Amino acid sequence: MSLLLIHGGLWQDEFGAEAFWGRTGVLAGLREHADVLAPDRPRRPGSWAVEAAWLAELVTTPMTVVAGSNGCSAAVRFAVLRPQLVERLVLAWPATAHDPEVDGFTRTALTELGATPVMVDELLGGETLRGVTDDELRALPMPVAVVPSVPDNPTHQRHTVDAVQALTGAVELDGCPEPPRPTFQPAGFVDSVVQFGLTRA
């Protein structure tokens, strides 16, 4: 069975797949159980639809998709675009949308990096998750799991996890700090992903 890992970050050059999944031990741990694809996301896309289209060109066979933080928006847009290619979906530490302080900081950062107002609105728009409507989350046909950030923080708030669960019927996996925080330990996260994403009854 195969896994696709979609890393977090939003126009942050330091948040590539190696920093998020590689150096934190997740990639090595999961490769003991499955074939794993962990690409770098497009560097500075103007919308989540751009990321979904890029993933649709990259992925040709059904996979379990594991996304972290802002990567959850890219993963859901991909799952909406190509549901037949997403066997199961793990939304880990989903980034909280519509928090005034977080959105204000992010809007400023994106603008300083060259994003136009239209791009910023596209990237920060949405409902429970950025770039995604609640109806789209509700309509996802594949099994979904969600991983809370423990402890939660302004960027990854508990109420976002609760809302994703309510909309998708997601299974809640064991929470942990999100990578690449120094307190993140890969073993428990890897075990949870393997149990949900790769184990079949």
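Bear in mind that the values in this text are calculations on the coordinates, not laboratory data. Given the structure is predicted, the values throughout are model-derived calculations rather than measurements. In this analysis, Cβ positions are derived from the backbone assuming ideal geometry, glycine residues included, and neighbour counts consider all displayed protein chains.
Details
- Gap separating the Cα centres of the stretch 134-201 and the stretch 25-90, nearest whole Å: 15 Å
- More than 30 Å apart - percent of Cα-Cα pairs taken over the stretch 2-198: 10 percent
- Only Lys, Arg, Asp and Glu carry charge here, each on its Cβ (+1 for the first two, -1 for the last two); on that basis the stretch 2-198 has a dipole of about 300 debye about its Cα centre.
- Relative to the current alpha-carbon distance between ALA34 and MET1, full extension at 0.36 nm per residue lengthens the span by 11.3 nm.
- Given in Å, the Rg to one decimal and the Dmax to the nearest whole number for the Cα atoms of the stretch 134-201 are 12.8, 37.
- By the beta-carbon count within 10 Å of each Cβ, the least crowded to most crowded order of THR106, THR155, fewest first, is THR155, THR106.
- Alpha-carbon spread of the stretch 58-171, three principal axes, descending order, Å: 38, 32, 22
- The chain: relative contact order in percent, alpha carbon pairs under 8 Å with at least 6 residues between: 22 percent
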